[in-house]
Amino acid sequence: MKNGALVFLAALIALGGSWVGFVLAPTLQLGGEKQTVVLNGTDVYPIQRTGDATVGLQVYRANGCANCHTEQVRQDGFACEVTLTAAGKNPTVVSNLIASLKLDGLTHEQAEALSDKITAAGGKSETRLVATGGDIDRGWGIRQSVAADYLYDYPVQLGILRAGPDLANIGFRHPDMKWQLQHLYAPKSVSAHSSMPPFRYLFEVRKVADSGPSADALDLPKEFAPAEGSEVVPTEAARQLAAYLLSLRANVPLYEAPFTPVTTAKP
């Protein structure tokens, strides 16, 4: 073939260019990531995980958790919410104004205009920047996932299937170690419609000692509890996995993923 060398060279360039663009460049980019500063603050993010949580990532990987869960919150855009903080000297006027206007899902310009109207009517307001999108609406996160969230992950467990909910912010949603351990042992005990298989091999069922139940024993509902006189205690691997899940907290505003934190809990 007269053009064999040219074909080979063209294929080499095409494949080499693809490898550089899709493999080498992202690796170099993420490899150069450093801790970033929280937006409008001085704290750095993310914080290095504890030893148990670091090992727990490997337990998560070994048990194939990424086959059913992602760790990537997606976001469609931003919107603004205006909150009335004081009605001022004309509460009736301000109340009528609020009743006639939309207070959430606004653009920045609309939020500023609404805030000006409230101020002109004698009231006071606060404007919050909020992320929007299906993942946000489901409560899986409060902002999109960015490269900084994975700084201390090796390997990164993005996942490709959502047979279960996204876990990028599970440590913020469920910050209780006991809940995490119970969920691992008997998922349906905390979520009746869960399709997650129980990871009971990460726990030990043993007889209750004469001195009484262990402080580590799970407090399980009757239908999930072992036989009378026995108790369920987590193994070291179960604790490490739970520690890793608790460390998944993408809940601070960053320059590349801003939002306005809520300072008071909503009912």
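Values quoted throughout were computed directly from the atomic coordinates according to the rules given, and no laboratory measurement underlies them. Since the structure is predicted, the reported quantities are computational estimates derived from the model, not experimental observations. In this analysis, Cβ positions are derived from the backbone assuming ideal geometry, glycine residues included, and neighbour counts consider all displayed protein chains.
Values for this structure:
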{"quantity": "Estimated FRET transfer efficiency (Glu256, Arg206; beta-carbon r; R0 45 Å; 0.05)", "calculated": "0.40"}
{"quantity": "Surface/4 of the Cα convex hull for the chain, nm²", "calculated": "23.8 nm²"}
{"quantity": "Projected label distance in nm at Ser195 and Arg128, using a 7 Å step from Cα toward the beta-carbon", "calculated": "3.2 nm"}
{"quantity": "The chain: most fluctuating residue of Gln240, Gln48, Gln144 per GNM, C-alpha cutoff 10 Å", "calculated": "Gln48"}
{"quantity": "Two-site label geometry, Ile47 and His174: point separation in nm, points 7 Å out along Cα→Cβ", "calculated": "2.2 nm"}
{"quantity": "Thr235 versus Glu223: modelled label distance in nm, points set 7 Å from Cα along the beta carbon direction", "calculated": "2.8 nm"}
{"quantity": "Extension gain from Val20 to Glu112, taking 0.36 nm per residue of separation minus the Cα-Cα distance", "calculated": "28.6 nm"}
{"quantity": "Estimated FRET transfer efficiency when R0 is 41 angstrom, pair Leu158-Leu6 (beta carbons, to 0.05)", "calculated": "0.60"}
{"quantity": "Efficiency of FRET from Cβ geometry, Thr92 and Thr119, R₀ 22 Å, rounded to 0.05", "calculated": "0.85"}
{"quantity": "Those aspartates and glutamates that a straight Cα-Cα span of less than 15 Å connects to Lys222, excepting residues fewer than 8 apart in one chain", "calculated": "Glu231"}
